[in-house]
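Notes to accompany the following structure.
No value in this document is a laboratory result; all are computed from the given coordinates. These numbers were taken from a predicted model, which means no experiment stands behind them. Cβ coordinates were reconstructed from backbone atoms using ideal geometry, including for glycine residues, and neighbour counts include every protein chain displayed.
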Amino acid sequence: MALADFLKQLDEVAVQAAQVFGSAADAEAVEAGRVEFMGAKQGRLKAAQKGMGVLDKAERPAAGKRFNEVKEQIDAAFQAAVERLAAKPPAVRKMTPQFDPTVPGTPLRIGRLHPITQTIEELKDIMGRLGFSVADGPEIEDERHNFEALNIPREHPARDPLDNFYLAAAGHASGVETALLRSQTSTVQIRVMEKTPPPIRIICLGRVYRPDTADATHYPMFHQMEGLLIDTHVTMADLKSVLRLFATSYLGRDVHIRFRPSFFPFTEPSVEVDFHWDGQWIEFGGAGMVDPNVLNAVGYDPEQVIGFAFGLGIERLCMRRHGITDIREFYKNDVRFLHQF
Ligand code: DAH
């Protein structure tokens, strides 16, 4: 073989190697190029090197010089390809299946407020229109606010440990007054009057706790709406008007209201409140004129101010309105039930 042919072949190898390494898109392509051009046994550089053996002795130095140049070029092209691919982030895989904007969407299941929460919001709204603002109190109470100041003395059966959730351990251990989960929202009457001078016109809507066995009409936790109005010249006619307005606003114009004589330690006189609706009388709670002992307990002067109070069961109102027959449904967290409201 003549020197010219040899050099021509060598140039072709150099050009092709530059192309292969320059366009290699991934590590596999670079490796394939390395084997093709630089492979120790079958590589094309190796083949060219063998071809030098058949050249005339005098031509060999020139051939060798050119061979070394080409070998260096190919080495450099290989290195460049390796570095280029190392710097490049891996190709992003196409997402399958692809997003199809013409397919109808999956509707989101949107949550809603619990029926009791909805009822509370509505009751606040109705009583707000009658001028009552919302007050709040703790669910863990002391005996003064749950009993004492409400004119419920120590021997009273309402304080029986079997009828209340006393937090005995906490109270006894620290020597402080016994705490309990409040059994009625009447506690908030005391808390508000202790802090605020008359006149008062508040409602409190919240949870109360009693160790009742759960059945269709009882649950160990339920909600009450407490109302308290203190002013001068307040009568039972005012109490009845407020409750009638409330009942017609919540249940409808055809509701009648009835007071039955009763007893509560914190009101005198006391009544039970019934609503006539859907053909029957249903008891919704208690009410009465605030007992002078309660006014004294919070530092009010019973000669100067007078007022009424009431406490209604919120679950019962909501059940009446929606025809719910089992109070336990509220607290099962069954979305098939909850989704109806
Ligand atoms: N606290 C009473 C109960 O839970 C209900 C009640 C009765 C509240 C008469 C009052 C009231 O404010 O005046 O049974």
(request) Find, among the trypsin sites (Lys or Arg not before Pro) in the range 194-277, those assigned to loop by DSSP (not H, G, I, E, B) with at most 16 other beta-carbon atoms within 10 angstrom. (result) ARG253
(request) Before anything else, pin down the relative contact order of the range 3-87: Cα pairs under 8 Å, at least 6 apart, normalised by residue count, whole percent. (result) 41
(message) Once each part is reduced to its C-alpha centroid, what is the distance from the range 118-160 to the range 265-315 in angstrom?
(response) 11
(request) For the chain, with a Gaussian network of springs between Cα atoms less than 10 Å apart, report the residue from PRO153, PRO101, PRO61 with the top mean-square fluctuation. (result) PRO61
(request) For every other residue with a beta carbon closer than 12 angstrom to the beta carbon of GLN19, add +1 if it is Lys or Arg and -1 if Asp or Glu, then tell me the sum. (result) -2
(request) Starting from the Cα of LYS240, draw a straight line to each of the lysines and keep only those under 23 Å, dropping any in the same chain fewer than 8 residues away. (result) LYS124
(request) Could you pull out every whole DSSP H run in the chain that spans at least 18 Å of Cα extent along its own axis and averages -1.0 or higher on the Kyte-Doolittle scale? (result) 3-23, 60-87, 115-129, 236-251
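Would you work out if the range 228-286 is rounded, prolate or oblate? Take a ≥ b ≥ c from the square roots of the eigenvalues of the alpha-carbon gyration tensor; rounded if a/c is under 1.5, else prolate when a/b is larger than b/c, oblate otherwise.
Oblate shape, in that a/c is at least 1.5 and b/c is the bigger or equal ratio.
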(request) Enumerate the calculated ³J(HN,Hα) couplings along the range 259-270 in order (Karplus 6.51 cos²θ - 1.76 cosθ + 1.60, θ = phi - 60°), each rounded to whole Hz, writing x wherever the residue is Gly or Pro. (result) 9, 10, x, 8, 9, 9, x, 9, 9, 7, x, 10
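Assign one of three labels to the range 145-262, namely rounded, prolate or oblate, based on the Cα gyration tensor with a ≥ b ≥ c the square roots of its eigenvalues; rounded applies when a/c is under 1.5, prolate when it is not and a/b is larger than b/c, and oblate otherwise. Can you show the working numbers first?
Values: a/c = 2.38, a/b = 1.48, b/c = 1.61.
Because a/c hits 1.5 or more and a/b fails to exceed b/c, the range 145-262 counts as oblate.
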(request) Rounded to the nearest 500, what is the 222 nm mean residue ellipticity of the chain from helices alone, with -39500 (n - 2.57) per DSSP H run of 4+ residues and division by all residues? (result) -12000 deg cm²/dmol
(message) I need the shape label for the range 115-338. Rule: rounded when a/c is under 1.5, else prolate if a/b > b/c, else oblate, with a, b, c from the alpha carbon gyration tensor.
(response) oblate
(message) Cut-off is 10 Å between beta-carbons; in what order do ASP160, ASP278, ASP142 appear when sorted fewest neighbours first?
(response) ASP160, ASP278, ASP142
(message) As a footprinting exposure proxy, order THR213, THR185 by other Cβ within 10 Å, with the fewest listed first.
(response) THR213, THR185
(request) Can you tell me the relative contact order of the chain? Whole percent, Cα pairs under 8 Å, sequence separation 6 or more. (result) 14
(request) Could you pull out every residue, at least 5 positions away or on a different chain, whose amide H is within less than 5 Å of the one on SER262? Hs are placed 1.01 Å off N in the peptide plane, and Pro or chain starts have none. (result) SER270, VAL271, GLU272
(request) List the lysines whose Cα lies under 25 Å from the Cα of LYS57, skipping any in the same chain that are fewer than 8 positions away. (result) LYS8, LYS41, LYS46, LYS65, LYS71
(message) With a 10 Å cut-off between alpha carbons and a GNM built on the chain, which of ALA168, ALA237, ALA87 moves the most?
(response) ALA87
